[in-house]
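Single-structure report; data block below.
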Amino acid sequence: MNDMTAKPRDVVRGKVKMTPSEALVETMVSQGVTDVFGIVGSAYMDALDIFPAAGIRFIPVAHEQGAVHMADGYSRVSGRHGVCIAQNGPGVTNFVTGVAAAYWAHSPVVVITPETGSNTLGLGGFQETEQLPIFSKITKYQGHVNNKSRMAEITARCFDRAMLEMGPTQLNIPRDFFYGDIECEIPQPIRIGRGAGDEGALDRAAELLSKARFPVILAGGGIIMGEGTREAIALAELLHAPVAESYLHNDTFPASHPLWVGPLGYQGSKAAMKLISKADVVLALGTRLGPFGTLPQHGLDYWPKNAKIIQVDSDHRMLGLVKQISVGIVGDAKEAAKALSYRLANRKLAASATADERKKKIKAEKDAWEKELDSWTHETDGWSLEIAKGSPYMHPRQMLRELEKAMPENAMVSTDIGNICSVSNSYLRFNQPNSMFAAMSFGNCGYALPAVIGAKVAAPDRPAVAYVGDGAWGMSFAEILTCVREDIPVTAVVFHNKQWGAEKKNQVDFYDTRFLGVNLKNPSWAEVARSLGAEGKTVDKLGDVGEALEKACDAQKKGKTTVIEVMVTQELGDPFRRDALKYPNRVLDKYKHTNVKAPA
Ligand SMILES: Cc1ncc(C[n+]2csc(CCOP(=O)(O)OP(=O)(O)O)c2C)c(N)n1
Ligand SMILES: [Mg+2]
């Protein structure tokens, strides 16, 4: 570990002579950076060398993709920048998937990419590739240091824009530009509040809401990013409106609140879907209304097509992009909620007349969904029933229910991409914001472990838990090394079903159970964990799940990382992309035997 006896975080002021490395590091200090994830490399060693003196902890990781996911998780829990850095060329190209994920999670991650030297660029030397085009579609801003004297200016801009636009930015630095003498001033951070939005639009939205007989709030990630939970609660209570959460943002509204109805989207809450389908006005608060998050689910095509939609988003490009809207507001979710409450406070609200009736409906739908979840102990499609028959292992749904019951109140949970992780959407409830870190709409396997490691660095006192399928675990378990080496204790729950289950489900449903590339031979993941220096526990009985999670979370207080390998059957829940798959209908004779008839 680095020497963390950091000196006071003062920043040099005025126009001063310094090296470009010092300008970079001082600007980071000025932007509040205390942690940087990455893998060491000669390209930026001159700057790295002074991180400890600047009070910046460098956290070396196992793979650069992990560094970006860690920076992502870190920024999502802290509301501060996540920062990562790597060697030019291969270190930087290893960042790509992580940056794309951070882009769709709207995480303010600054990706520092030292580049091959400006004096040899284009000659095809060692570790050379054009680094700006690679990230051009997955960053909000790309700063290229084209002259070493501009190091502080461009660094500051990357940090400012990551916050202003809520997404990753790239700081590209030719490696020879770290050296030499420059004279420069360290810029002060620029933070600009967005405010509630256009007054006229807010008036129109208030008018619609005041007349709504069945208003529903759809609470999006913007509420978390804008720290607007309290304001969202106040508005919901004023309107007596049920609050659904947008896909994979299960922490935007407290689950213990009577108006909470749960998440929409894949494997979401039926109560939320049934209630929003009744809405005459939907207030989409801090959500881009992503297309995947409002697809039909559980056989319910729930999006209320005739309702008036009010959408609040901080990015004007998201307004009306996916769903038709009646009113669009470019604003901060918290401020907009406050402004709407203010406008509605002394008005006669149509929703008040039906408040009791709606309260009963909310309770009835929530009770029915809980009851259904309690009795939905296993999947009931033919293939699942057959494969789980006689298996000594646990049903995934029952196992997820046990985890839910044992989850510490203030836990942070990251989820990966896979069938069981997706099913967990129904069982993840939170009462505090900044608690759920899913792989969001980029949907990459291998996200959850590094993301929760970053979250733990930002919030060391909160229990950190990653849910990961065994396939995705194979991609990412090397970061257990980071936990052990760097004393970052987390808990990983690995769903051991010996398959890339989510993709196998497509072969079950669409390809006549012709399995190709989906079966896995695994070691004991508990044993692997132990050999990496962590604790490893294998759980194959339902009764042991809760205790294992509690113990592992407790062990975090003693600095211990635990991998809990839960042995589950191969049954599979509903698929991700039923919307996008078709039955094979081949034309060439040699492939015709693979045709599958669509069920009547
Ligand atoms: C990086 C990446 N590669 C491939 C995929 C396609 N994919 C989606 S889900 C999935 C299977 C996940 O399997 P596992 O992690 O074991 O979870 P399970 O579905 O078995 O619960 C795959 C391969 C992806 N989403 N991301
Ligand atoms: Mg699996």
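Computed from the coordinates by the stated procedures, all read-outs in this text should not be read as laboratory data. Only a predicted model underlies this, so the values are computations on that prediction, with no experimental measurement involved. Neighbour counts are summed over all protein chains in view; Cβ atoms, including those assigned to glycine, are modelled from backbone coordinates with ideal geometry.
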- Note on the structure: The Cα extents of region 51-92 along the principal axes, largest first and rounded to whole Å, are 29, 26, 15
- Taking Cα pairs closer than 8 Å and at least 6 residues apart, the relative contact order of region 33-112 in percent is 35
- Burial-style ranking of 582-594, 144-156, average other-beta-carbon count within 10 Å with highest first, yields 144-156, 582-594
- Going by C-beta contacts inside 10 Å, put LEU209, LEU121, LEU516 in order with the fewest on the left. LEU516, LEU121, LEU209
- Item | Charged-residue dipole, Cβ positions (Lys, Arg, Asp, Glu), region 539-600 about Cα centre, Debye nearest 20 | 520
- quick note, region 460-568, DSSP beta bridge pairs, % antiparallel (nearest 5) is 5
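Would you calculate the convex hull of the Cα atoms in region 174-250 and tell me its volume per residue in Å³?
179
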- Query: Once amide H atoms are built 1.01 Å from N in the peptide plane, which residues 5 or more positions from TYR302, or in another chain, come under 5 Å H to H?
  - Reply: GLN297
- Which lysines have a Cα less than 28 Å from the Cα of LYS582, not counting those fewer than 8 places away in the same chain? LYS270, LYS274, LYS305, LYS323, LYS498, LYS504, LYS505, LYS590, LYS592, LYS597
- Calculated Rg and Dmax of region 322-397 using C-alpha coordinates, Å: 22.3, 63
- Query: What 222 nm value per residue comes from the helices of the chain, counting each DSSP H run with n ≥ 4 as -39,500 (n - 2.57) and dividing by all residues, nearest 500 deg cm²/dmol?
  - Reply: -10500 deg cm²/dmol
- Message: Amide H of ASP198 versus every other amide H placed in the peptide plane: which residues, excluding those fewer than 5 positions away on the same chain, fall under 5 Å?
- Response: VAL330
- Mind jotting down the three principal axis lengths of region 449-551 based on Cα atoms? Whole angstrom, largest first. 48, 29, 24
- Item | Per-residue ³J(HN,Hα) for region 525-541, Karplus 6.51 cos²θ - 1.76 cosθ + 1.60, θ = phi - 60°, Hz, x for Gly and Pro | 5, 5, 5, 4, 4, 5, 5, 8, x, 9, 7, x, 9, 9, 10, 10, 10
- Student exercise, the chain dipole from Lys, Arg, Asp, Glu Cβ charges, in Debye to nearest 20: 1580
- Note on the structure: Counting every C-alpha pair in region 331-483, the percent lying more than 26 Å apart is 47
- Query: So which lysines pass the test for LYS15, namely a Cα distance under 16 Å, with those fewer than 8 places away in the same chain ruled out?
  - Reply: LYS148
- Task: Rank SER277, GLN324, ALA336 by how far each Cα sits towards the positive end of the charge dipole of region 242-390 (+1 on Lys, Arg Cβ; -1 on Asp, Glu Cβ) and give me just the farthest.
- Result: ALA336
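Based on the mean of other Cβ atoms within 10 Å per residue, sort peptides 506-514, 485-493 so the most packed one is first.
485-493, 506-514
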- Message: Please report the projected area of the chain's Cα convex hull averaged over all directions, in nm².
- Response: 30.0
- Query: What ³J(HN,Hα) values, in whole Hz, does the Karplus curve 6.51 cos²θ - 1.76 cosθ + 1.60 give for region 304-314 when θ = phi - 60°, with x put for Gly and Pro?
  - Reply: x, 5, 9, 6, 7, 10, 9, 10, 10, 8, 6
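Under a Cβ-only charge scheme (Lys and Arg +1, Asp and Glu -1), can you give me the dipole magnitude of region 484-548 about the Cα centre, in debye to the nearest 20?
Computed about the Cα centre, the dipole is about 280 debye.
Provide TRP383, TRP260, TRP369 in ascending order of the number of other Cβ atoms located within 10 Å of each residue's Cβ, fewest first. Provide the component values of the computation, followed by the final result.
Values: TRP383 17, TRP260 27, TRP369 21.
If I rank by nearby Cβ atoms, fewest first, I get TRP383, TRP369, TRP260.
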- Message: Using a Cα-Cα cut-off of under 20 Å, which lysines could be cross-linked to LYS456, ignoring same-chain neighbours fewer than 8 residues away?
- Response: LYS551, LYS557, LYS558, LYS560
- Determine the distance separating the Cα centre of region 421-443 from the Cα centre of region 106-177; give it in Å without decimals. 31
- Place the peptides 180-192, 429-441, 232-244 in order of packing, highest mean first, counting for every residue the other Cβ atoms within 10 Å and averaging per peptide. 232-244, 429-441, 180-192
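In a shell of Cβ-Cβ distance under 10 Å around CYS184, excluding CYS184 itself, what net charge do Lys and Arg (+1) and Asp and Glu (-1) give?
That works out to -1.
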- Query: Taking every pair of alpha-carbon atoms in region 213-331, what share in percent sits in each 5 Å bin, from 0 to the bin with the longest distance?
  - Reply: 2, 13, 25, 28, 22, 9, 1
- Rg to Rh, two decimals, where region 280-408 supplies the alpha carbon set and Rh follows Kirkwood: 1.09
